[in-house]
Every structure is written in structure tokens, then in C-alpha cells.
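> This structure is in C-alpha cells; I'll ask about it shortly.
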Amino acid sequence: MPRSNFFQDPRIINTVDTKKSNDSTKYIEVATRNEEKIREYKRILKDFEIVGKSIDIEEIQSTDPIRVATHKAKDAYRENGHNPILVEDVSLDIQGLGGRPGPFVKDFTEEVEMRRILSRDWLKGKNRAALARVIFAIFDGVQSYYWIGTTEGEISPEPKGLNGFGFDDIFIPKGSNKTFAEMSGSEKDKFSMR
């Protein structure tokens, strides 16, 4: 019988051995190879040392982003030597595409040409409203826990800006006229779903 997922704090959090006897720094291990993402975590979580770890995680195909994130957390736990490690799963729900691409966003926005086609051609004359969602998940060996962050916005008519990663050059958060990729890191952090 599968265990339930819980929207609360886990009982066990992984610690990173720093080999320093008096080190009081708090660490968070994150399953990512994306240096831009690690820099963003470090800006937002200033009281923590962020340790990115390259782990090969199987990503299931599902339209349920919570199912995707909690599965990734369990897989990352196993790949990390049965130690909890934070994972994230990002989705982008675009109204003019019937809520798609959702959790499949990476497949649709990994290349700039795909983002150009999506923003310029697929959304021509359609509703550009979008919801960017991140789900953080961790598995402590017993239960899965998750946290959700969202940002409302819209898709720009074409990619704009050179900063950031992923779909940052086509997503304009509500309350701004710039894409995430046109913003400085501190500007983006004010709107970011992370």
C-alpha cells in the first residue's frame, strides 16, 4: 500500500558533513545541476548554504505536478544513498493552450526556437494568461512532503531578455511589464514562484 503525501514539515532533514567542528551554517542539499537555479536559491535563502548535487532522477510522465514532484523526491532519496534531498518540479499552465504544457514545460521550452514558436505562433489571438508553479518535495524515507509556490502572469509575444533560464524569456509576471529574463536577479526574486 503506497504511503500518503503530506503538505507539512518532514521529521528528518539531510545534513551535509562539512568537516568543520564549529560550523553552525545550515545547509540544504538540492538535486540540480542547473547553476542558474542554484544562484537563485542562494539569493532567496540567504541564511542557508545551498549545495547542488547532480543526481540522475527519473521523471514520470503525468499531468499531476504533485505526483511528478513526489515521485522525483523518492527517486532522488534512493539515488542519494537513501538520504533526503530537496527536488523541485516546475510547470507552466497557459490558458490559451488549455492549461498546457503544465508539467511537460521543459519539453516545450528547452530551446529558444520552441519558446519563440509557442509565444508567437501557438498563442496568436489566444489568451496569454499563465500560471508558473514550482513544487518542492522531499522524501524522508517514510513520507513525502511538498510545498507549492505560484506566480500569475502572461506569455510575451516573443522571447525577450538574456538573464535566467527555462521559460524566463517568455514569462511576464503579473505587476510587471518585463519578462523574468529582462529582470535582474533581485527583481525576479520579488515575483518568482520560488
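> Of the numbered conditions (1) open to solvent by 30 Å² or more (accessible area, probe 1.4 Å); (2) touching a residue at least 40 places away in the same chain (Cβ under 8 Å), S91 fails exactly one; give the number of that condition.
Tallying (1) open to solvent by 30 Å² or more (accessible area, probe 1.4 Å); (2) touching a residue at least 40 places away in the same chain (Cβ under 8 Å), S91 fails exactly one: (1).
> If you don't mind, another one. Those residues that are in contact with a Lys or Arg (Cβ under 9 Å, 6 or more places away or on another chain) and crowded, with 18+ Cβ neighbours inside 10 Å, I need them from segment 58-75; list them, please.
P65, the sole residue that qualifies.
> To continue, here is another question. For segment 153-189, name all the residues that are in contact with a strand residue (DSSP E or B) (Cβ under 6 Å, 6 or more places away or on another chain), in a loop (DSSP other than H, G, I, E, B) and open to solvent by 40 Å² or more (accessible area, probe 1.4 Å).
Of everything in segment 153-189, just one residue is in contact with a strand residue (DSSP E or B) (Cβ under 6 Å, 6 or more places away or on another chain), in a loop (DSSP other than H, G, I, E, B) and open to solvent by 40 Å² or more (accessible area, probe 1.4 Å), namely K174.
> Scan (1) modelled with pLDDT under 95; (2) open to solvent by 10 Å² or more (accessible area, probe 1.4 Å); (3) over 17 Å from the mean Cα position of the chain (by Cα) for the single condition L118 breaks and write down its number.
Condition (2) is where L118 drops out.
The values are calculated or read from the model by the stated rules, or taken from the named source; none is laboratory data. All values reported here derive from a predicted model rather than from experimental measurement. All Cβ positions, glycine included, derive from the backbone under ideal geometry; neighbour counts span all protein chains shown. When the accessible area is computed, the model is the full protein with side chains, heavy atoms only, and any ligands, DNA or RNA have been set aside. Shrake-Rupley method; radii C 1.70, N 1.55, O 1.52, S 1.80 Å.
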